[in-house]
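See below for the structure under consideration.
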Amino acid sequence: MAHTDVNFKPVADLVAGLIDGVEDDRSAGPTPCGRYTQAQLLNHLLGLCLAFTAAARGERGPHNDAPPAEPATDLEPEWRGELRHRLDTLAEAWSSEGAWEGHAVAGGVVLPAAIMGLVALNELAVHGWDLARATGQDFDLPADTVATLVEFVARDAHDQSAREGIYGPVVALPADAAPQDRLIALTGRDPAWRP
């Protein structure tokens, strides 16, 4: 998969489109993402945008040199504007050809940049789905993005030890399940999850 086939912008725009549908008084509500509340999920999104932007730029520092801390349970007052800005910056950073070359660091892990870019896209796409499902909003990823990520995530689908700490066990689906549902199931989430 060439980096030119991977486009962060549509996914970043989809996630940004969810922001106004998040209700402040439900920030402690559940999400499909394990034990994260909505506020923690949003703080995680804010943090991963910083970490993966730094990775794309070849930067080192507190945002990407160590594993991410447990997300805060409270949101900063200006989180909406800040998340929009960070999503745009993330998409722009990975649109650079140089972002996909050499090695990159995020979460204290060093990977080939071409792999790190897919990790970043998957994090954004799946946590976007988490946020949409938690807040009762639609979220339909582009078909090419889903195909890319299904291929990427399925590589270790039968080796739970390799997935430990990243994904839960794959959720079984019927053979005719929609591709996006397959992606979500591969990450250990139930595509039918509702709050």
Neighbours of Ile19 by Cβ distance under 13 Å: Lys/Arg at +1, Asp/Glu at -1, summed charge -4
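Quick one: if the Förster radius is 22 Å, what FRET efficiency do Val110 and Lys9 give, using the C-beta to C-beta distance and rounding to 0.05?
Values: r = 26 Å, r/R0 = 1.18.
Once the sixth-power term is evaluated, E becomes 0.25.
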Check: C-alpha center region 112-139 vs C-alpha center region 32-88, spacing in Å is 12 Å
Matching label for the computed Kirkwood radius over Cα pairs in Å, out of [x] 18.1; [y] 19.1; [z] 16.9, is [z]
Counted neighbours (other Cβ, 10 Å), sorted fewest up, put Tyr36, Tyr167 in the order Tyr167, Tyr36
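Can you list the DSSP H helices in the chain whose Cα atoms extend at least 30 Å along the helix axis and whose mean Kyte-Doolittle hydropathy is -1.0 or higher? Mind showing how you got there, number by number?
Numbers: long enough: 113-134 (31 Å, 0.95).
In the chain, the long hydrophobic H runs are 113-134.
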Sorting Asn7, Pro112, Thr73 by the position of each Cα along the dipole of region 3-186 (Lys, Arg +1; Asp, Glu -1; all at Cβ), the one nearest the positive end of that ordering is Pro112
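What does the net charge come to around Thr73 if you take all other residues with beta carbon closer than 15 Å to its beta carbon, with K and R at +1 and D and E at -1?
My count for the surroundings of Thr73 gives -3.
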Charge tally for neighbours of Pro179 with beta carbon under 12 Å away, counting Lys, Arg as +1 and Asp, Glu as -1, is -4
Given trypsin sites (Lys or Arg not before Pro), DSSP loops and at most 16 other Cβ atoms within 10 Å, the longest exposed-site-free stretch of the chain is 61-195
Expressed in angstrom, Rg and Dmax over the Cα atoms of region 1-51 are 13.4, 43
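Taken together, the values in this text are just the output of simple stated rules run on the coordinates, not laboratory data. Being a predicted model, the structure only gives us computed values, none of them experimental. Neighbour counts are summed over all protein chains in view; Cβ atoms, including those assigned to glycine, are modelled from backbone coordinates with ideal geometry.
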